[in-house]
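These notes are about the structure you will find just below.
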Amino acid sequence: MRRTHTAVGAASAAAVVLGLSACSGGARADEDTLVVTDTLSDTSAPVYQEIYDACAAEVGMKVQANHVAGSGLIATVLQQASSDTLPDVLMLDNPDVQQIASSGALSPLTDYGITGEGFPRGVVDAGTYDGDLYGIAPVVNTVGLFYDVDALAEAGIEPPTTWDELRAAAEALTADGRYGLAFSAANTFEGTWQFLPYLWSNGADEDDLTSPEAVEALSFVNGLVQDGYASSSVVNWSQNDVNDQFIAGKAAMMVNGPWNMPALEAAEGLHYAAVPLPVPEAGDTLEAPLGGEAFTVPRTGNPDKMAKAGDFVACVTRGEHQLAMATGRGAVPSDTEVAAEAAAENPVVATFVDTVQTARSRTALLGPDWPGAATQIYTAQQLALTGSESPAEALERATEH
């Protein structure tokens, strides 16, 4: 989960896609080329391009990949639809799959023999709308607790496993020029994403954000800031900012995802490790959000190319390709057996593999209505952590509209 976009924009975009794609004949200038639109960065694109080329050759096609920034993806899809150039394969951030599928712009992957067998429930749920699978993510991610091994050893602290232990560790590790913990509570979906483990693991749900369990979760996070164990700047920090704080030694622990591993490995003199995020009490189950981009097959009106696109997606999401993508991006293979292979090779990856097995799709409960709840959550965090409202008042105010 590394991108943010406007919830209202995504929802309205999905509706427009329906109208536009219904008019699209899906014609292509080159019937031998599969057009793929994805959200890959300059760093990860080369890893995927090798896989794209191999899979295109396997299905007897060439491939043209167009890389679009996540924040501009929906606008690009609209433009493609209006100009009768919807891609043959479309990568979507997994919370967007249900919104776009509900518009009628995507075809079910089961039409091409893709069922999600062997993938954790959360991965399948994230790509499912109204009982049909529309998107499948070859690699996924979630959040965990990274820590400075030397800082904890010097303080004689074991990695925390419960909220009480996390608070105590954050207090003990806070010193001149260094906070005990860093995290993102920005007024974006990243802020919501990082709060969800506290919300869900405490028994709260996004359809009742004023419940005692939700208030307790926000009160815990708020206390870390109000008591000075985390910086008040967390309300402005993206997850990249949090990683920068950790690498610079300004935080002894951070909440973040496995995509940071390449930067952490490159940081000179940093000895780090990771564990699952602490739960409210010993014995509780960690429920964290599931991130990752899913491949989909748009309805282009060209059944022959759609069939080729389906075969291409099946190839791209195979186990050996999952492993290559995960290694190249700092992610977890979606298939449970392949993920176990990755975990055996890297103890940090193993932390996230464990968490992914019980991770929840953000759209599992509310479906296409998820963005509205996500906005309420980060709004409540902003109100509470800036001291504008108490946690209970913040949640009440954020859910009024």
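Of the residues making up segment 25-73, those that are assigned to a strand (DSSP E or B) and buried (at least 19 other Cβ atoms within 10 Å of the Cβ) are Leu34, Val35, Val36, Thr37, Asp38, Val63, Ala65. Filtering segment 243-265 to residues that are over 25 Å from Ser334 (Cβ atoms) and assigned to a loop (DSSP other than H, G, I, E, B) leaves Ala248, Gly249, Lys250.
Number of residues in segment 218-239 that are touching a residue at least 24 places away in the same chain (Cβ under 8 Å) and in a helix (DSSP H, G or I) equals 13.
Quick one: in segment 155-175, which of the residues that are in a helix (DSSP H, G or I) and open to solvent by less than 30 Å² (accessible area, probe 1.4 Å) is farthest from Ser219 (Cα to Cα)?
Filtering segment 155-175 for residues in a helix (DSSP H, G or I) gives 155, 163-173.
Okay, now just the ones that are also open to solvent by less than 30 Å² (accessible area, probe 1.4 Å), so 163, 166, 169-170, 173.
Values: Trp163: 12, Leu166: 14, Ala169: 17, Ala170: 16, Leu173: 21 Å.
Per the stated criteria, the residue is Leu173.
If a residue must be out of contact with any Gly (no Cβ under 9 Å at 6 or more places or on another chain) and farther than 25 Å from Asp42 by Cα, how many such residues does segment 340-353 contain? Steps first, please.
In the first step, residues of segment 340-353 are kept if they are out of contact with any Gly (no Cβ under 9 Å at 6 or more places or on another chain); the result is 340, 342-347, 350, 353.
Of the ones still in play, those that are also farther than 25 Å from Asp42 by Cα are 340, 343-345, 347, 350, 353.
Summing the residues that are out of contact with any Gly (no Cβ under 9 Å at 6 or more places or on another chain) and farther than 25 Å from Asp42 by Cα in segment 340-353 gives 7.
For segment 120-154, the candidate set comprises residues that are touching a Gly at 6+ places or on another chain (Cβ under 7 Å) and part of a loop (DSSP other than H, G, I, E, B); within that set, the residue that is most open to solvent (accessible area, probe 1.4 Å) is Tyr134.
Against the definition (among the acidic types (Asp, Glu), in a loop (DSSP other than H, G, I, E, B) and within 20 Å of the chain's Cα centre (by Cα)), how does Glu190 come out, yes or no? Answer is no for this residue.
Just to be sure, is Thr76 assigned to a helix (DSSP H, G or I), farther than 30 Å from Gln245 by Cα, modelled with pLDDT under 95 and open to solvent by 10 Å² or more (accessible area, probe 1.4 Å)? Here the answer is yes, as Thr76 does meet what is asked.
So which of Val8, Val89 ends up being of a type in the set (Val, Ile, Thr), modelled with pLDDT of 85 or more and under 24 Å from the mean Cα position of the chain (by Cα)? Quick ask: steps written out before the conclusion?
Working: Val8 fails: modelled with pLDDT of 85 or more.
Going through Val8, Val89 in turn, the sole match is Val89.
In summary, Ala13 fulfils each of the numbered conditions (1) open to solvent by 10 Å² or more (accessible area, probe 1.4 Å); (2) in a helix (DSSP H, G or I); (3) at pLDDT below 95 with the single exception of condition (1).
The values are calculated or read from the model by the stated rules, or taken from the named source; none is laboratory data. Nothing here was measured: the structure is a model prediction, and the numbers come from that model. Every residue, glycine among them, receives a Cβ derived from its backbone with ideal geometry; neighbour counts consider all protein chains shown. Remember, those area values only see protein heavy atoms, side chains included, never the ligands or the DNA or RNA. Shrake-Rupley method; radii C 1.70, N 1.55, O 1.52, S 1.80 Å.
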